[in-house]
Amino acid sequence: MNKGGMNTVNVYSLAERPTIIDVIHEFHNEPWPRFLSQEIMIRTFWRGLYYLYPEYQFVFEEDSDFVGVGNCFPIYWNGEVDGLPRGFDQTIEVILKMRDKPNCLCALSIVLSEIATGNGVGSRIISRLKALAGSKGFDSLVMPVRPVKKADYPSISMEEYITWESDDLPYDPLLRVHVEAGGRILKVAKPSMFVSGTVKQWREWTGMNFEKTGSYEVPGALNPVYIDIERDAGEYMEPNVWILHACSVFHQTSSETAAGIRNNGFNLMISGITGSS
């Protein structure tokens, strides 16, 4: 990867290249704490959603290296902050039960490789997703974001954490990238995910020992995990942050769709992506 300048990033959809499903799986195996994979909505529905909307599952490639994946889904949102889903879990419910015509694109997950972190790829991926949303007739891109440094401060509420600033920008590097890319923090998604299990399971997931009832700071957790020895249960509620990116609506021509669009250092190579009618 050329770190000295802006490279072309190729973008491929699962609909266009079904074989990239292995790349998507590999990316999702790496960054998340083990206990999050035990969350019921993820265990039950997550991988199936890829095939429900394969045209919105993306892999980003730069200099023959896979640098990121994005998992997006069209949803209906009334435009009111209070009308957003509670968080990650409820967004999956909205996707599965949606009866209204989608009017918004939701990025449930964007994962970057280690080599791409800090090289500006993240902001360029956001830019491309905004362009994609606009090409489909959506004027909004929303996402429940997991701040990358919040796990370092599990005892601090997310409401307080998102007010922290550095040079008039969010303290958290990921929130900062979104704001610099034009994103607006709307509110805390709380709870965004809920994970429960037996004490034995939590020991297996975390490698920690829990001898008495109470709250524990667990590596990777954004909030403390509550362990109840008497009930043989552990519970974790994950907060995220809803961010909105406004998108410019436009319609691609058939030639643009076939050949790809070059913009901001990207080569968009997605089959069948056309403007909404």
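Scanning the stretch 51-82 for residues that are outside any strand (DSSP E or B) and more than 21 Å from residue 18 (Cα to Cα) yields 76, 77, 78, 79, 80, 81, 82. Selection of the stretch 143-170 for residues being surrounded by 17 or more Cβ atoms within 10 Å (Cβ to Cβ) and out of contact with any Cys (no Cβ under 7 Å at 6 or more places or on another chain) yields 144, 145, 146, 147, 150, 153, 154, 158, 161, 162, 170. Each residue in the stretch 83-110 was checked for being among the hydrophobic types (A, V, I, L, M, F, W, C) and part of a helix (DSSP H, G or I), and 5 of them qualify.
Selection of the stretch 196-252 for residues being of a type in the set (Phe, Trp, Tyr) and within 27 Å of the chain's Cα centre (by Cα) yields 202, 205, 216, 226, 236, 242, 250. Quick check: anything in the stretch 116-137 of a type in the set (D, E, K, R), free of Cβ contacts under 8 Å to residues at least 60 places away in the same chain and farther than 24 Å from residue 192 by Cα? No; the residues of the stretch 116-137 include none that is of a type in the set (D, E, K, R), free of Cβ contacts under 8 Å to residues at least 60 places away in the same chain and farther than 24 Å from residue 192 by Cα. Evaluated against (1) acidic (Asp, Glu); (2) under 16 Å from the mean Cα position of the chain (by Cα); (3) more than 30 Å from residue 120 (Cβ to Cβ); (4) surrounded by fewer than 19 Cβ atoms within 10 Å (Cβ to Cβ), residue 80 falls short on exactly one condition, (2).
Identify the residue in the stretch 166-177 that is touching a residue at least 12 places away in the same chain (Cβ under 8 Å) and not in a helix (DSSP H, G or I) and, among all such residues, is nearest to the chain's Cα centre (by Cα).
Residue satisfying both the conditions and the ranking: 172.
Would you say residue 55 is charged (D, E, K, R) and either under 26 Å from residue 238 (Cβ atoms) or over 17 Å from the mean Cα position of the chain (by Cα) (or both)? Explain how you work it out, then say what you get.
Working: charged (D, E, K, R): yes; either under 26 Å from residue 238 (Cβ atoms) or over 17 Å from the mean Cα position of the chain (by Cα) (or both): no.
Spelling it out, it is not the case that residue 55 is charged (D, E, K, R) and either under 26 Å from residue 238 (Cβ atoms) or over 17 Å from the mean Cα position of the chain (by Cα) (or both).
Every number in this text was worked out from the coordinates using simple rules, so none of it is lab data. Quick caveat: nothing in here was measured; it's all calculated off a predicted structure. In this analysis, Cβ positions are derived from the backbone assuming ideal geometry, glycine residues included, and neighbour counts consider all displayed protein chains.
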